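The values are calculated or read from the model by the stated rules, or taken from the named source; none is laboratory data. Please read all numbers here as calculations on a predicted model, not as lab measurements. Cβ placement follows ideal geometry from the backbone for every residue including glycine, while neighbour counts extend to all protein chains displayed. We work out accessible area using only protein heavy atoms, side chains counted, and drop any ligands, DNA or RNA first. Shrake-Rupley method; radii C 1.70, N 1.55, O 1.52, S 1.80 Å.
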Amino acid sequence: MNFILLPENALFLITFALILLFGLVEILAMIFGMSVFSHADTLLSPHIHAGESLFSQGLDWLNIGKVPLFILFILLLSCFSISGMVLQWALLYALGKPLPGGLVALPAGVISVLFVRKISAVLARFLPQYESSALSEESFIGCMATVVGGTASMGHPAQCRLVDKFQQTHYLRVQPDSEDDIFSPGETIIITARLTSSLFEGMSHPWSEHR
């Protein structure tokens, strides 16, 4: 316990506290039908597989768009906190004292990113709503979905929930296929096109208001 509370470990203890804080905020947001991280997913989704830029390649390399951003964020903070504490513990026994947290943060950060890359790749296999086969993604066209994450407009997709014929739930990023359309939370829409692996276009359901 004395080791954990050393001043050199303050950065990693603060990181652990942030995990609890963000988890609490997300839970409270979900209780009120919102999601803080779904909006961040929405902002990033147009850039995923959008080209050969380093930013797009970095998002794809970290499996953003295949695994929910909230899970990736918590994984990154957890790995950073644990890696930093383990490195400080090793330094304590090797050198007799830990190093300042700022010096250990860089190697801990590198280790964290590499671990998150590996773990998220495994998780993506078990999250079909974020990473489906090309056939499954194409089969979404013509299906109905419900807007669950904010308001969608052209260029600003929102999270939508789609239940397929096997009763499996998928969460897609959908934007209107017309500049004149806006999708509101709770609205039923029809998927009309697939833009990327995680971004689709849709149109308002003709009888949405009666559903």
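Return yes or no: is T146 open to solvent by less than 50 Å² (accessible area, probe 1.4 Å) and assigned to a loop (DSSP other than H, G, I, E, B)?
no
Quick check on this structure: which one of L106, L123 is under 30 Å from I82 (Cβ atoms) and at pLDDT 90 or above?
L106
How about the stretch 61-100: which of its residues are part of a helix (DSSP H, G or I), modelled with pLDDT under 90 and either of a type in the set (S, T, Y) or in contact with an Asp or Glu (Cβ under 7 Å, 6 or more places away or on another chain) (or both)?
L69, F70, Y93
Can you find, within the stretch 153-203, the residue that is farthest from P68 (Cα to Cα) among those that are open to solvent by less than 70 Å² (accessible area, probe 1.4 Å) and among the charged types (D, E, K, R)?
Among those that are open to solvent by less than 70 Å² (accessible area, probe 1.4 Å) and among the charged types (D, E, K, R), it is D181.
When both residues are 6+ apart or on different chains and their Cβ atoms are under 9 Å apart, which pairs have a first residue that lies in the stretch 5-18 and is under 13 Å from A108 (Cβ atoms), and a second that is open to solvent by 40 Å² or more (accessible area, probe 1.4 Å) and small (G, A, S)?
Sorted first by the residue in the stretch 5-18, then by its partner, the pairs are L11/G102.
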